[in-house]
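Q: First the structure, which I've put down as structure tokens, then a few questions once you've had a look.
The values are calculated or read from the model by the stated rules, or taken from the named source; none is laboratory data. Bear in mind that the values here come from a model prediction, so they are computed numbers and not experimental data. Glycine also receives a Cβ, built like all others from the backbone with ideal geometry; neighbour counts cover every protein chain displayed. To get the accessible areas, we keep the full protein, side chains included, count just its heavy atoms, and leave off ligands, DNA and RNA. Shrake-Rupley method; radii C 1.70, N 1.55, O 1.52, S 1.80 Å.
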Amino acid sequence: MKFGKIFVTVFLFCGNVFSQNNIDFTQIEHYSSRILENNYYRNQDLHYVTTENTMVYSNDWELVGTEEKNTLMENCYLTITSDHYLMIGKNDYWVNADDLHISESSLFHKEIVYNQIRPEHEWVPVWYDEVIKCQGDDFKKVVYKYAPFLEDKWLPDAECWWYEDETFSYPCVFRFQNTYLCLTTDGWGVQEFLIEKIIERNKAYYINCKSIGFYYDKYKDNVCYFENFPRVNNGEKFVLRLEQNEGHLFLYNDETNKLIVELMPVSKAWIKKLQNYFNTGINDFSIEEDE
């Protein structure tokens, strides 16, 4: 199918194209029946390229067709839906942001990227290794050291502390895709940043980002990794450098060359075990994790 005159088939120069597993969004129960316009972010200068058999959706989450691989999308928006899925498109024509790449941009290796429909792993700060070595309530001291915003986090609606709630007990995460970056800023979820270009050079990824609704002073005291994070506000651009070594990721502020955070990959089973430890005080990490 075609979207007016803004879609043309192109040859993507990057040779390491990674195709996501296409999963139908219509099979997901969405909080809102529509993709709402109040969360649109214009990417007028960005050109996106589709993966093979990319699914296309209407504002009502209806599947309206597919696009062939290497179809160019121009003059689009990034939108964050009410249930926190990132989509790209406009005017009743939306594509999973995971199924697109930026034209003339490098791509992250497939082991790095996050799949928002079917996540197989998360990247979390390595200080969680300290957490899982604790016993009983000792984990709180470690968590509050690195994420002080949680220390007084009582949830009136749920009448419980953060470590008893599935949302707040979820570990701090960094999520990398070829069109966006997400990271935990507070206990209510993640902050999204628009990626405008990725440049792979000397075994490192230089990530050109743009802030979307992020204000540094609002979040600077929440989590330790904001100490060296670029001090940007909404609409401002910045560059991060991502390096991979022995299975870990190292994220740097490219302007200052300071390390923001070292990240390790964890499975969903690992996260479930962590949340159970937070909730019960029983640490089962001495038991080998199930594959």
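Q: For segment 182-196, check the following and say yes or no: at least one residue is modelled with pLDDT under 95, open to solvent by less than 60 Å² (accessible area, probe 1.4 Å), touching a strand residue (DSSP E or B) at 6+ places or on another chain (Cβ under 6 Å) and assigned to a loop (DSSP other than H, G, I, E, B).
A: For segment 182-196, residues modelled with pLDDT under 95, open to solvent by less than 60 Å² (accessible area, probe 1.4 Å), touching a strand residue (DSSP E or B) at 6+ places or on another chain (Cβ under 6 Å) and assigned to a loop (DSSP other than H, G, I, E, B): absent.
Q: Is it true that Asn115 is under 23 Å from Leu242 (Cβ atoms) and out of contact with any Phe, Trp or Tyr (no Cβ under 6 Å at 6 or more places or on another chain)?
A: yes
Q: Does segment 140-175 hold any residues that are in contact (Cβ under 8 Å) with a residue 24 or more places away in the chain and open to solvent by 50 Å² or more (accessible area, probe 1.4 Å), and which are they?
A: Residues satisfying the conditions are Lys145, Pro148, Lys153, Glu164, Glu166, Tyr170.
Q: Taking only pairs six or more apart or across chains, which ones have beta-carbon atoms under 7 Å, a first residue in segment 191-207 that is free of Cβ contacts under 8 Å to residues at least 24 places away in the same chain, and a second residue that is in a strand (DSSP E or B)?
A: Note: pairs meeting the criteria are Phe193/Tyr180; Phe193/Leu181; Phe193/Cys209; Phe193/Lys210; Phe193/Ser211.
Q: Among strands (runs of 3 or more DSSP E) lying entirely in segment 91-137, which contain 1 or more residues that are among the charged types (D, E, K, R) and surrounded by fewer than 22 Cβ atoms within 10 Å (Cβ to Cβ)?
A: Ranges flagged: 121-125.
Q: Just give me the residues in segment 211-252 being open to solvent by 40 Å² or more (accessible area, probe 1.4 Å), part of a strand (DSSP E or B) and modelled with pLDDT under 95, in sequence order.
A: none
Q: Quick test of your reading of the structure: Asn70 fulfils all but one of (1) crowded, with 17+ Cβ neighbours inside 10 Å; (2) free of Cβ contacts under 8 Å to residues at least 24 places away in the same chain. Name the failing condition by number.
A: Status for Asn70: all satisfied but (2).
Q: Identify all residues within segment 197-210 that are assigned to a strand (DSSP E or B) and surrounded by fewer than 17 Cβ atoms within 10 Å (Cβ to Cβ); write none if there are none. Don't jump to the end; show me each part of the working.
A: Initial filter on segment 197-210 (assigned to a strand (DSSP E or B)): 197-201, 204-210.
If the condition is that a residue be assigned to a strand (DSSP E or B) and surrounded by fewer than 17 Cβ atoms within 10 Å (Cβ to Cβ), then Lys197, Ile199, Glu200, Arg201, Ala204 are the ones that fit.
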